[in-house]
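*Asks:* Got a structure for you, written out below as structure tokens; questions coming shortly.
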Amino acid sequence: MVKDVQDRSIDPASLEMLALAKKAGIETAWDRFEKQQPQCGFGELGLCCRNCNMGPCRIDPFGEGPSKGVCGATADIIVARNLIRSIAAGAAAHSDHGRGVAHTFKLMSEGRAPSYQVKDKAKLERLMKEYNVEDQIALAEAIMAEFGKQEGPIQFTLRAPAKRIELWRKLGIDPRGIDREIVEIMHRTHIGVDNDYVHLILQGLRASLADGWGGSMIATELQDVMFGTPKPTFSEANLGVLEPNEINIIIHGHEPLLSEMIVAAASDPEMVELAKKQGAIGINVSGMCCTGNEVLMRHGVPVAGNFLQQELAVATGAVEAMVVDIQCIMPAIGALAGCFHTKFISTSPKAKFPGATHMEFHEETALETAKEIVKVAILNYQNRNPSKVHIPDVKTKCMVGFSVEAIVGALGGTLDPLLGAIKSGAIRGIGAVVGCNNPKVQHDFGHLNLVKELIKNNVLVVTTGCNALACAKAGLLLPEAADLAGDGLKGVCKALGIPPVLHMGSCVDISRILVAAAAIANALDIDISDLPAAGAAPEWMSEKAVSIGAYVVGSGVFTVLGTVPPVLGSQAVAGLLTAGAKDVVGASFAVETDPFKAASLMIDHIDNQRRKLGL
Ligand code: BF8
């Protein structure tokens, strides 16, 4: 547990704001985390069951108290059920995002969402070919139908190597429709249904695969079609991107359906003119969390920070509006915004918050609503209290936007240079480092130290989500960061002019990493589980991260978790996840809270894989 304010983060902008927050008596997630100590020991071990009203039941981990719930459920059953319910929630969140994007794509294709257009025609055509349909509306219908498919396969799973698909089929975890798998988790974890922990975990993997190769991949692909496939571009990251003399609008959440429109509305000359009339020199839109990643990589919109910085951004006193949609938005923002002039604006029909002004966003009238929101922010500038404004002078340049297409482009149109560098050992392997912040870990400490260790050891890092933002703030997304890499990786980066850490986007864009892994495995004619690659989520906290971890392992990639998942109450479940899974899906989890040791685990795994491949 982090006690001293100066130990809460390693990010200088955050430390500056944390000191200010302490002085001003502003409460943050770190303070609330401390007030929660000690956290429930049964919950931490996954041993609390609330699935029926004979409970809540809890199992005594020391063997002195109850060893079964009222229905007779053991620790193994309770831990497995709790875990896969988290997977269901995480998969639902990603996939509902994907569904929202697919719905908008359908409305756009039918001419009912005029604010949206096709920006990547080539990708649209590739998708139509993949789905074997003749027109855009048929594609939209086929993709919408994926969610409720009663029988498999879902189309994008066919992108996986043939050996992986065969394995999924053999294990009975080749996913059907996303909704189907999530409902089946909720059914099987109801009292008195599925009480075999292995069988439960397999269903968890199946639903997670429907997320990674289904809901998340649908989100990524259709976002690229509507908003453009990211290309390398430069921008800036950290709280210092807020401008003292401009209207600051922060877009926070996940769906670019909203953030794209806010970005467009804010550059409307009418809006800029109105901002000037209010005495501001312009409108400054910046991002937060994954929607920040979306507009960062497509438009170079600067990003104010990652998950644990959302309250610190409001505490700068310089934010006219924080506009949010879904996921990872702290309900605490409402009360905090009330201490400043900041308008906290919720927009999703699915997500309301105490203290927020709700300006509901619908695809049919997207740009109009975005303009109304921007106007509210502009008119709020006059309420800013200059004596409360404190913007840390900390921001860092970053190079972002490495979609798979962009990586292949940077390599000269083929994966061959990358394969050659892996074979020669110049690149030892690939590390996918992703995920959240969590006050259980010193903010950004896990992310940055793990990534730096990997690149120092010639492991090329691909990153998304809040890890990507931590790397952006620390300068690791710049080509110059190659100087921190081992000689082999440094040489490759310098020759190609790329950073040693490639920003691949938001958390749904981990689907890009799956596509890249499948393409590399296919090129080498091996399964994903044979690749010299490993994954990590050093500071994970969300249920989406649980689903991600499950589909990454289910796809064959060894993954190290930096915070302890609530499974240690069952030795059987913990053993299955950290060892037994290797014999089932060819990959397993490790839990390691020390990022340096986590890097060693990943590097050892990569070296083992290389040996097995004869490299
Ligand atoms: O989807 S990494 S804190 S912002 S859950 Fe949330 Fe975690 Fe950040 Fe994006 Ni992902």
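The values are calculated or read from the model by the stated rules, or taken from the named source; none is laboratory data. Please read all numbers here as calculations on a predicted model, not as lab measurements. With ideal geometry, Cβ positions are generated from the backbone for all residues, glycine too; neighbour counts draw on all protein chains shown. SASA here: full protein model, heavy atoms, side chains in, ligands and nucleic acids out. Shrake-Rupley method; radii C 1.70, N 1.55, O 1.52, S 1.80 Å.
*Asks:* What accessible area per residue, rounded to a whole number of Å², is obtained for the chain using a probe radius of 1.4 Å?
*Replies:* 36 Å²
*Asks:* With all protein chains present, how much of the accessible area of the chain (probe radius 1.4 Å) comes from carbon and sulfur, to the nearest whole percent?
*Replies:* After summing per-atom areas, the C and S share lands at 54 percent.
*Asks:* Taking 0.36 nm per residue of sequence separation and subtracting the Cα-Cα distance, how much length would be gained by fully extending the chain between residue 50 and residue 397, in nm to one decimal?
*Replies:* Gain on stretching residue 50 to residue 397: 120.2 nm.
*Asks:* Using a ≥ b ≥ c from the Cα gyration tensor of segment 239-388 (square roots of the eigenvalues), is it rounded, prolate or oblate, where a/c under 1.5 gives rounded and otherwise the larger of a/b and b/c decides, a/b for prolate?
*Replies:* It comes out rounded by the Cα gyration axes.
*Asks:* Ignoring GluC sites (Glu not before Pro) that are buried or in helix or strand per DSSP, and keeping those with at most 13 other beta carbon atoms within 10 Å, what is the longest stretch of the chain between them?
*Replies:* After excluding every exposed loop site, the longest remaining stretch is 361-615.
*Asks:* Then there is this: Semi-axes of the chain's equivalent ellipsoid from the Cα gyration tensor, sqrt of 5 times each eigenvalue, largest first, rounded to whole Å?
*Replies:* Sorted largest first and rounded, they come to 35, 29, 26 Å.
*Asks:* With N residues in segment 60-160, what two-decimal value do you get for its Cα radius of gyration over 2.2 N^0.38 Å?
*Replies:* Rg over 2.2 N^0.38 Å, computed on Cα atoms: 1.67.
*Asks:* Related question: Using Cα pairs under 8 angstrom and six or more residues apart, how large is the relative contact order of the chain, in percent?
*Replies:* 17 percent
*Asks:* By how many nm would the segment from residue 594 to residue 480 grow when fully extended, if each residue of separation counts as 0.36 nm and the alpha-carbon distance is taken off?
*Replies:* 38.4 nm
*Asks:* A further question follows. Largest first and to the nearest Å, give the Cα extent of segment 9-58 along each principal axis.
*Replies:* 48, 21, 16
*Asks:* With each run of n ≥ 4 DSSP H residues scored as -39500 (n - 2.57), what mean residue ellipticity at 222 nm is computed for the chain after dividing by its residue count and rounding to the nearest 500 deg cm²/dmol?
*Replies:* -14000 deg cm²/dmol
*Asks:* Could you tell me what percent of the DSSP beta bridges with both partners in segment 239-388 are antiparallel, to the nearest 5?
*Replies:* 0 percent
*Asks:* If Lys and Arg each add +1 and Asp and Glu each add -1, what is the summed charge of the other residues whose beta carbon sits under 12 Å from the beta carbon of residue 109?
*Replies:* -2
*Asks:* Let me ask something else. Around residue 167, under 14 Å between beta carbons, what's the net of Lys plus Arg minus Asp minus Glu among the other residues?
*Replies:* Net charge around residue 167: +1.
*Asks:* In segment 63-82, which residues have a backbone nitrogen under 14 Å from the label point lying 7 Å from residue 578's Cα in the Cα-to-Cβ direction?
*Replies:* What the label zone holds, given the 14 Å backbone N cut-off, is no residue at all.
*Asks:* Let me ask something else about it. Along the positive direction of the dipole of segment 9-58 (beta-carbon charges: Lys, Arg +1; Asp, Glu -1; about the Cα centre), which of 26, 53, 43 reaches farthest?
*Replies:* Positive-end residue among those listed: 53.
*Asks:* Run the simple label-point estimate for residue 281 and residue 138 please: 7 Å along Cα→C-beta, distance reported in nm.
*Replies:* So the two model labels end up 5.5 nm from each other.
*Asks:* What are the principal axis extents of the Cα atoms in segment 75-227, in Å, biggest first?
*Replies:* Cα extents, longest axis first: 53, 32, 21 Å.
*Asks:* Find, among the chymotrypsin sites (Phe, Trp or Tyr not before Pro) in segment 1-62, those assigned to loop by DSSP (not H, G, I, E, B) with at most 13 other beta-carbon atoms within 10 angstrom.
*Replies:* 62
*Asks:* Continuing with the same structure: Report the normalised scattering of segment 41-103 as log10 I(q)/I(0) at q = 0.29 Å⁻¹, calculated by the Debye formula with identical scatterers on the alpha carbons.
*Replies:* Each listed q corresponds, in turn, to -1.19.
*Asks:* Shifting gears a bit: Taking K and R as +1 and D and E as -1, what net charge do the other residues with C-beta under 10 Å from the C-beta of residue 595 add up to?
*Replies:* Summing Lys/Arg as +1 and Asp/Glu as -1 gives -2.
*Asks:* Of the DSSP beta bridges with both residues in the chain, give the percent that are antiparallel, rounding to the nearest 5.
*Replies:* Of those bridges, close to 15 percent are antiparallel.
*Asks:* A further question follows. So what is the relative contact order for segment 1-149, in percent, with contacts set as C-alpha pairs under 8 Å and at least six apart?
*Replies:* So the answer I get is 12 percent.
*Asks:* So, one more: Starting from a Cα-only point model with no solvent, please compute log10 I(q)/I(0) by Debye for segment 369-417 at q = 0.26 1/Å.
*Replies:* Listed by q, the Debye log ratios stand at -0.94.
*Asks:* How many angstrom lie between the C-alpha centres of segment 143-192 and segment 325-385?
*Replies:* Using only Cα atoms to place each centre, the spacing works out to 37 Å.
*Asks:* Which links in 440/582; 352/544; 119/397; 22/452; 423/456 stretch past 24 Å when you go from one Cα to the other?
*Replies:* From 440/582; 352/544; 119/397; 22/452; 423/456, over 24 Å: 440/582; 119/397; 22/452.
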